[in-house]
Every structure is written in structure tokens, then in C-alpha cells.
Amino acid sequence: MATPPKLFDRNLHRKRLDRAAPGFANADFLQRRAAVDVAGRLAPIMRTFPLAVDLSARAGAFAEALADEAPGKVGALIEADLSHRMLAGRPGLRLVADDERLPFADESLDLIVSTLGLHWTNDVVGALIQARRALKPDGLFIGAFLGGVTLTELRQSLVAAEAEILGGAGSRVSPFADARDAAGLLQRAGFQQPVADIDTVTATYEHPLKLLADLRQMGETGVLAERHPRPLTRRLLARAFDLYAERFGTPDGRIPATFEILTITGWAPPR
């Protein structure tokens, strides 16, 4: 099989998460929204999950949501994250782990959830295959990750500014999966009964710089393996901000930022 292309620098992503960890709670609204949604999906399922893993646990939003939305559904929960600093300072089972190289034995887990981490993997299907293998027969996977509409306003503004100033445009914002392909990812990984849902979130900011600050605090700034050939100059950034306000600004002078959260659910095949 051909090796998937390396889109993201995972070491740089880890460093960005480490940097974001101390103040992550100041910009964790997407993480919490995704965690509440994932936990809520467990409540109506007529079974319990003795051993579960929360990939991309970050500051523990899923564990908190689980206690509120689906108490008693999970026995032991292992919180895993690429960043050791995200896991520091709280009790419970914690494990530094890479979504691309899961350390779990085959058929050892009853439930795996992933909240806003899969969109940084170089091989999403490969990561899902590893998750399916780690699940016991009829085990459940629920994953939430950012979809293709995410940051569309910022993307368009940067492209327009580059076209105007440089005469061409390249990619400065990381690519995200298309919503139409979400359920297909699970099928390709061998999951059964795949379901995909879309949640579109629009946040507003006083200025694009506030958006960039939030992305930095989330650990969600770009980590493309191939850097843009031209630096992001002050002139280019200022023009992009002007275009952002002109094209997308609201009547009250704020700017919107769209985030698309794709949530996929699939079951490991029974014996």
C-alpha cells in the first residue's frame, strides 16, 4: 500500500498543544461543545462501556460532559492526548498517545471517542483502522473533527489578499475533510452502521486578531508540513483583515468565524 502523504508536522502540532495547555480553558468552547454532543449520544444507548478511551482529551471536557450527560455509561475512562501538558495536574487514568500510533491491544476497549483531534492526522482512515482494531467486537467509536467549511471567511480573505498583492495564492490554512466524505471514512476503516452529522458553529470577534489569538490558545494554528513559500507579511495580513471586515463584517462591526464540526459514529463488527 502506498504511504499517505505527510500533510501535517505532528511534532509541531504537539509543541503548539503544549504551548496552549496553560490557558486552554480560555478558548475551549469548541472542545466543550463537541464533548457534550459526543457524551449525549451515549445516553440513549442501551448498554454500558466498561473500558473507554478519550483520544484528544485536552483539558478533560469529555469526562466532565460524560458525568452530566451520560452518568454511569462508562466504567473506566482513559484520557489520552498527544500533549503531556494537556493531561497534567488532574486525577484519573491518563496516557500520552499519538492518534496515528495507538498503543492499545487488539480487542481491548469497549468505547473510543475522539474530540477535535482527527483533522490533524495525516491518514484519517489509517487512524480509524487502528481504533477499530483496538475495539472489542461490537465496540463503539464516536469522533468529532473539524470539517471543510471551517474558517471559510479567513481562508477567502487570505486568498484574496495574496491574489491582490502577490498575484497568486497558496495554502496557509490547513485542509479539512469534506462533510460528504465523513461516513465513508468509517466504511473504509471497516466500521458498520456509519453515521455522520454536521454541527455548524459561528463565533464573532471584535477583530480578526482576536480570532487568531483564540486559534493559538486552542492549539489549532496551522502545522502544514510544507510551509508556504512566501512569508505572511504585515502588509498582507493587514489587507486580509480589511477584506475580512469588508466582505463578512456584521452591522455591529464584528467579524464572524465559521466552524464546522463533523461527528461520525460507527460500530466494530460483531464476531
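What is the ratio of the Cα radius of gyration of the range 1-149 to 2.2 N^0.38 Å, with N the residue count, to two decimals?
On the way: Rg = 14.7 Å, N = 149, 2.2 N^0.38 = 14.7 Å.
Compactness ratio reported: 1.00.
Counting only lysines at least 8 places from Lys136 when in the same chain, those with an alpha carbon closer than 26 Å to its own are Lys73.
Taken per residue, the accessible surface of the chain reaches 47 Å², heavy atoms only and a 1.4 Å probe. A cut-off under 14 angstrom between Cβ atoms defines the neighbours of Arg235, and their net charge, with Lys, Arg +1 and Asp, Glu -1, is 0.
How large a share of the accessible area of the chain, in percent, is made up of carbon and sulfur atoms when the probe is 1.4 Å and the other protein chains stay in place? The partial results should precede the final answer.
Details: 6700 of 12770 Å².
Here carbon and sulfur together make up 52 percent of the probe-accessible area.
Calculated mean residue ellipticity, 222 nm, the chain: -11000 deg cm²/dmol, from DSSP H runs (n ≥ 4) at -39500 (n - 2.57) each, averaged per residue and rounded to 500. Estimated translational diffusion coefficient (Stokes-Einstein, Kirkwood radius over Cα pairs, 25 °C, 0.890 mPa s) of the chain: 126 µm² per second.
Give me the net charge for the shell around Arg216: Cβ to Cβ below 9 angstrom, other residues only, Lys and Arg +1, Asp and Glu -1. Intermediate results must be reported in sequence, preceding the final value.
Working: positive: Arg16, Arg19; negative: Asp214, Glu220.
It works out to a net charge of 0.
Amide H to amide H, with H built 1.01 Å from N, Gly147 comes under 5 Å of Glu260, Ile261, Leu262, counting only residues 5 or more places away or on other chains.
Using r as the Cβ-Cβ distance of Asp68 and Val201, and R0 as 22 Å, what FRET efficiency do you calculate, to the nearest 0.05? Before the final figure, lay out each step's value.
Values: r = 20 Å, r/R0 = 0.89.
Once the sixth-power term is evaluated, E becomes 0.65.
Using C-alpha pairs under 8 Å with a sequence gap of at least 6, the mean separation divided by the residue count of the chain gives a relative contact order of 24 percent. Cα-Cα pairs above 19 Å in the range 11-69: how many percent? In whole percent, the long-distance tail amounts to 36. Seen from Gln130, the other residues with C-beta closer than 14 Å to its C-beta sum to a net charge of -2, counting Lys and Arg as +1 and Asp and Glu as -1.
The values are calculated or read from the model by the stated rules, or taken from the named source; none is laboratory data. From a predicted model like this one, the values you see are computed outputs, not experimental measurements. Note: ideal-geometry Cβ built from the backbone for every residue, glycine included; neighbour counts use all protein chains shown. To get the accessible areas, we keep the full protein, side chains included, count just its heavy atoms, and leave off ligands, DNA and RNA. Shrake-Rupley method; radii C 1.70, N 1.55, O 1.52, S 1.80 Å.
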